[in-house]
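Undergrad: Dropping the structure in here first, questions after.
Please treat every number below as a calculation from the coordinates, not as lab data. What you are looking at is a predicted structure, and each value in this text was computed from that prediction instead of being measured. Every residue, glycine among them, receives a Cβ derived from its backbone with ideal geometry; neighbour counts consider all protein chains shown.
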Amino acid sequence: MPELASDTGVGFWAMLSPAVPLLLAGFLCAALPYHQVRKGLMLLAPVAALFVWLSAELGSYGSIEVAGLTLTTMRFDGLSRIFGLAFVIAAFLNGIYALHERSRLSDASALIYAGAGLGAVFAGDLITLFVFWELAAMSSVFLIFARGTTSAVNAGLRYLAIHVASGALLLAGAVIHFRAVGSFEFGALDPNTLGGGLILIAFGVKAAFPLLHNWLQDAYPKATATGAVVLSAFTTKLAIYALARGFAGYEPLIWIGAVMTVFPVFFAVIENDLRRVLSYSINNQLGFMVCAVGIGTPLAINGAAAHAFADIIFKGLLFMSMGAVLHRVGTTRATELGGLFKSMPFTAIFCIIGAMSISAFPLFSAFVTKSMILAAVAHEGHWIVFLMLLFASAGVLEHAGIKIPYFAFFAHDSGRRPKEAPWNMLLAMGIASALCIGIGTFPGWLYSLLPVSVAEHYHPYTGEHILTQMQLLVAAVFAFSFLMRMGVYPPEKRATILDFDWVYRRAGHSLLVWTDVILQRLTGHLGAAMSRALNRADGYLHTVFSPSGALRRTVPNGAMAIWTALILGAALILSLLAS
């Protein structure tokens, strides 16, 4: 039986992981048919998790002995502290946002998924990490299935297959790492070893590295209105946490992150589905964080953690606004929207706040977090990467800062006049908006939570930084306006945008077709060979046993009777032995 180590010298609440209230509430929601009770649990569980987070003390404790292994279920340090708080806030906002929904499956999945994310963040060893890693995948897929459409089910199956494969790579890497070093402790890992390399790939799948990213654009836009909001908060940010914990300072991540910031811009510009645009925007923002992890300096790690915290809130706010549009209109395709500000003014305002936050306008959240990453990159002299990040920052303003609110609420008037979003959706968006402005205006409290205590030496509101950022923003706004005015900006079209997944889907389809052809040919050859063999056997038996066959010509009738009796006797003996 597992045994809880209790010799840590800390209190009960300090040993309890903040994941526990969310997980318990999630499993209760799965069993309870009462809508009001479930909604109460969705609000109370994050509050209980916050209480546990506030009661925690720095250190590693909550160890469990299983099969001779010590599993650390609660490691509370600077890195896990800030990610844990971000996950708790996201779970609370998600609970408010989904108050109108009456799906037991979605309620339970959202809570278990958030609890699994918290459990993974506070895991002190690779086995505990693996358990929560897989639980996060298993629980989150139901937020996609809940949409109920054929495309959602297919996307959910692909999502599940990819994330289960990520877990298999993580487990394989953990076992190989254990055989090499004799410990499952989750700390700095060597990516040049087999075990460390497999773990890095596992993290890369969840972080949506280039060429491994298509599960994100495939699955998130097909989730329910509330499901996409929940999905945007946990999976990819958990991967950023894991990379920062295990591979800080690994230089190839600098270039991987830089590429991640740039390539989504081109897809987002021509994409028609605005939730899919936001999915590409997730890739873009993750790139900044991955690049910072690759830099690995204290300022860069702080920047990655701070930007992940801010991104969970402002990206959630943008998905909330599009979820409200989907809830009221039934679509988020830009070609079918426009003019919605006339009947959904509050949703439009909150969407604009999210857009200004992700675009890093002064007094908004990303201004005080993304700047830390850019400063860290410049300080280390990676000037090509720095220019790539500047280009990507301008691209963010274009596709998330302008395109999302412009085509949804302004642009051409679609003639639709839906009701304003439900009150609970507006409340969740209002709280998220207040946090975006609060972080941008008073960043000191967020800086005080950062993993490395160097934040007091960094000041975002310098004249140089404000001037540089405003020049970048003004230039991007001018470029968008000029392109729209000249009619050069890519028009929104009802079309499917092909991404890299077309390559392996096409290759996979071709492989299946080729395999089917080979098997048919092989079966045909085998069938022909078997047919010839059977024909030969039939000819031999006919030659021997037919009335004009060999036995009839050479064996007398009396001998034939004796031969038949012997065969029947042998069959009788065999049947008795078998019984």
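Undergrad: Could you rank the peptides 62-71, 205-214, 463-472 by their average count of other C-beta atoms within 10 Å per residue, with the highest value first?
TA: Output ranking for 62-71, 205-214, 463-472: 205-214, 62-71, 463-472.
Undergrad: First check a/c for segment 315-458, with a ≥ b ≥ c the square roots of the eigenvalues of its C-alpha gyration tensor; if it is under 1.5, answer rounded, and if not, answer prolate when a/b is larger than b/c or oblate otherwise.
TA: Here segment 315-458 falls in the oblate category.
Undergrad: Just going by the charge dipole of segment 177-333, with Lys and Arg at +1 and Asp and Glu at -1 on Cβ, which of I254, L326, A233 is farthest out on the positive end?
TA: Positive-end residue among those listed: L326.
Undergrad: Name the residue farthest towards the positive end of the dipole of segment 345-463 from the options C436, I404, P451, assuming +1 on Cβ of Lys and Arg, -1 on Cβ of Asp and Glu, about the Cα centre.
TA: The listed residue farthest towards the positive side: I404.
Undergrad: Starting from the Cα of W423, step 7 Å along the direction of its Cβ; do the same at L24; then give the gap between the two resulting points in nm.
TA: 3.1
Undergrad: At what distance in nm do the modelled label points of T193 and S453 sit from each other, each positioned 7 Å from its Cα along Cα→Cβ?
TA: According to this spin-label approximation, the distance is 3.2 nm.
Undergrad: Please order I162, I199 by the number of other Cβ within 10 Å, starting at the fewest.
TA: I162, I199
Undergrad: Same structure again: Could you please state, rounded to a whole Å, how far the C-alpha centre of segment 203-223 is from the C-alpha centre of segment 87-159?
TA: Result: 15 Å between the Cα centres.
Undergrad: Which distance in nm do the two modelled labels at A168 and A528 give, with both placed 7 Å along the Cα-to-Cβ direction?
TA: Calculated label separation equals 3.7 nm.
Undergrad: Go through segment 43-59 residue by residue and turn each phi into a ³J(HN,Hα) via Karplus (6.51, -1.76, 1.60, θ = phi - 60°); whole Hz please, and just put x for glycine and proline.
TA: Couplings: 8, 6, 4, x, 5, 5, 5, 5, 4, 5, 4, 5, 7, 5, 10, 4, x Hz.
Undergrad: Using amide H atoms built 1.01 Å from N in the peptide plane, name the residues 5+ places from V66, or on other chains, whose amide H lies under 5 Å from its own.
TA: Correct list: L71.
Undergrad: Right, next: Here is the link list: K39/K315; K222/K403; K370/K419; K370/K403; K237/K419; K39/K370. Which ones come out longer than 28 Å on Cα distance?
TA: K370/K419; K237/K419; K39/K370
Undergrad: Kirkwood Rh over Cα pairs of segment 181-318 into Stokes-Einstein at 4 °C, 1.567 mPa s: D in µm²/s?
TA: For the chosen part, D equals 86 µm²/s.
Undergrad: How far, in nm, would the chain grow between F266 and H412 when pulled straight, counting 0.36 nm per residue and subtracting the alpha carbon separation?
TA: Full extension from F266 to H412 adds 50.3 nm.
Undergrad: If you plug each phi of segment 206-220 into the Karplus form 6.51 cos²θ - 1.76 cosθ + 1.60 with θ = phi - 60°, what whole-Hz ³J(HN,Hα) values come out, in order, with x for Gly and Pro?
TA: 6, 7, 6, 4, x, 6, 10, 9, 5, 4, 5, 5, 6, 9, 4
Undergrad: Ranked highest first by the average count of other Cβ atoms within 10 Å around their residues, in what order do 302-310, 391-399, 423-431, 110-118 fall?
TA: 110-118, 302-310, 391-399, 423-431
Undergrad: Please give the charge dipole size of segment 20-149, origin at the Cα centre, charges +1 on K and R Cβ atoms and -1 on D and E Cβ atoms. Round to the nearest 20 debye.
TA: Here segment 20-149 has a charge dipole of around 480 debye.
Undergrad: Report the extension gain between S151 and L211 in nm, rounded to one decimal, defined as 0.36 nm multiplied by the number of residues separating them, less their alpha carbon distance.
TA: Contour length minus the Cα-Cα distance gives 19.4 nm.
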